[in-house]
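Chemist: Structure incoming, see below.
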Amino acid sequence: MTTLIEPGHVPAGTGGTGVKRIGIIGTGIMGADHARLLTHAVSGAVVGGVFDLDDERARGVAGASGGAEVFTDPYALIADDAIDAVLIASSDATHEEYVLACVAAGKPVLCEKPLAPTVDGCARILDAETAHGSRLITVGFMRRFDPGYTDLKALLATGEIGAPLMLHNVHRNPAAVPGMPSANLITNSAVHELDITRWLFDDEISEVAVHAPRSSGNAGGTRDPQLLVLTTASGVLSDVEIFVNARYGYEVRCELVAETGTATLDAPPPTSVRRSGLHARELPADWRPRFAEAYRLELQDWIDGAGQGATAWDGFAATFVAQACVKALESGERYTVEMPSTPELYRR
Ligand SMILES: NC(=O)c1ccc[n+]([C@@H]2O[C@H](COP(=O)([O-])OP(=O)(O)OC[C@H]3O[C@@H](n4cnc5c(N)ncnc54)[C@H](O)[C@@H]3O)[C@@H](O)[C@H]2O)c1
């Protein structure tokens, strides 16, 4: 990676320099990682301010980001004229209030997924952005920037493997927080595959079913794993195995089946080792190494204002489908997803 902005140097004011000062709300795992990328790997931006309920965490990230200002009030950060745009990486339930405050202040905002955990919360955000009259919100569905997924989308566009029929997705984490609600596998993890299915096929998900086998003995009462079966409006099937206590490592892969060929997105790295009777590839412990390039490209796109990221409408749609999947998990029934039509502001 290239260091384009000297870490340790946050300009006192960026008026006229073109460098954007980013305020980060939430400096846990993701906030700290975004701060690192903005400081060391993305051009045209510096971390200008941070806020976290945990002041010590905020101070640590500010220090590692070249001495960014530590705010004691998140709304003061959002309102500050020296902050050009805001990145929200606090816990899911706090996204709505911060996104709404950014829209009210007319500030561009990159909100980690999910946009909001409830459909009502997402709808309030859509209303606010629509009333503002132009797009300010980007949602952190970073897989849209992952070179593996963009290759799949480009391949489909060539027509070389014909029209898509099925997508088989596997999404596994080594261990989840004990006692995690079963719905969180959908709303927090499989929500990435809900978004990827919509994005890859440029199609809405129109029907969902969720199956769960007996739960793993390591799942601590959570229904884990689960198998989501999604049908798109044009009739493509996308199944998602989500298993958050798989123990052996973090893994995301998929196989696309089309009319005259298939394409497989496997877990990097490309290097494998043969020794002691084994042929092995190392797996990461979590998502950060697997999607490092996707996060970097997502941030660069946002800083450049290139607009390839997921919109608030995409955030709404993912939560809308996720809610139907949660109902399907709880009832064991299939659900038709009656997605409202895309508002004018979000038609590309
Ligand atoms: N795009 C992805 O691949 C991806 C991966 C993991 C997490 N996420 C999302 O990123 C967000 C953060 O996840 P994480 O793994 O970093 O969690 P984390 O628990 O490590 O960090 C969350 C931080 O938010 C802070 N916080 C909680 N309430 C707050 C509030 N009201 N105001 C300000 N700060 C507050 C906490 O103190 C904590 O430091 C979540 O919404 C999560 O769903 C996205």
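Chemist: Looking at the range 46-68, can you tell me whether even one residue there is within 21 Å of the chain's Cα centre (by Cα) and either open to solvent by 50 Å² or more (accessible area, probe 1.4 Å) or more than 10 Å from the ligand (Cβ to nearest atom) (or both)?
Modeler: Yes, because at least one residue in the range 46-68 is within 21 Å of the chain's Cα centre (by Cα) and either open to solvent by 50 Å² or more (accessible area, probe 1.4 Å) or more than 10 Å from the ligand (Cβ to nearest atom) (or both).
Chemist: On to the next question. Which members of the range 228-275 meet the condition of being within 23 Å of residue 174 (Cα to Cα) and of a type in the set (Val, Ile, Thr)?
Modeler: 229, 240, 242, 244, 252, 264, 271, 273
Chemist: Can you name every residue in the range 83-93 that is buried (at least 16 other Cβ atoms within 10 Å of the Cβ) and within 12 Å of residue 26 (Cβ to Cβ)?
Modeler: 86, 87, 88, 89, 90, 92
Chemist: A further question on this structure: With the structure loaded, tell me whether residue 256 is assigned to a helix (DSSP H, G or I) and over 30 Å from residue 39 (Cα atoms) or whether it fails that test.
Modeler: no
Chemist: When the range 102-111 is examined, which residues are found to be away from the ligand (no atom under 16 Å from the Cβ) and of a type in the set (A, V, I, L, M, F, W, C)?
Modeler: 103, 104, 105
Chemist: For residue 99, are the conditions met, namely being open to solvent by less than 40 Å² (accessible area, probe 1.4 Å), more than 10 Å from the ligand (Cβ to nearest atom) and assigned to a strand (DSSP E or B)?
Modeler: It is false that residue 99 is open to solvent by less than 40 Å² (accessible area, probe 1.4 Å), more than 10 Å from the ligand (Cβ to nearest atom) and assigned to a strand (DSSP E or B).
Chemist: Can you tell which of 21, 59 is at pLDDT 95 or above, farther than 24 Å from residue 294 by Cα, in contact with a strand residue (DSSP E or B) (Cβ under 8 Å, 6 or more places away or on another chain) and not aromatic (Phe, Trp, Tyr)?
Modeler: Of the residues listed, the single one that is at pLDDT 95 or above, farther than 24 Å from residue 294 by Cα, in contact with a strand residue (DSSP E or B) (Cβ under 8 Å, 6 or more places away or on another chain) and not aromatic (Phe, Trp, Tyr) is 59.
Chemist: Kindly establish whether residue 191 is farther than 30 Å from residue 76 by Cβ, touching a helix residue (DSSP H, G or I) at 6+ places or on another chain (Cβ under 6 Å) and open to solvent by less than 50 Å² (accessible area, probe 1.4 Å).
Modeler: Yes.
Chemist: Considering only residues that are of a type outside the set (A, V, I, L, M) and more than 15 Å from the ligand (Cβ to nearest atom), look in the range 70-96 and name the one that is nearest to residue 133 (Cα to Cα).
Modeler: 84
Chemist: Any residue in the range 333-343 that is on the phi < 0 side of the Ramachandran plot, among the basic types (Lys, Arg) and assigned to a loop (DSSP other than H, G, I, E, B)?
Modeler: yes
The values are calculated or read from the model by the stated rules, or taken from the named source; none is laboratory data. Note that the coordinates shown come from a computational prediction; the quantities given were computed from them, not determined experimentally. As a convention, Cβ positions derive from the backbone with ideal geometry for all residues, glycine included, and neighbour counts pool all protein chains shown. Calculation scope for accessible area: heavy atoms of the full protein, side chains included, ligands and nucleic acids excluded. Shrake-Rupley method; radii C 1.70, N 1.55, O 1.52, S 1.80 Å.
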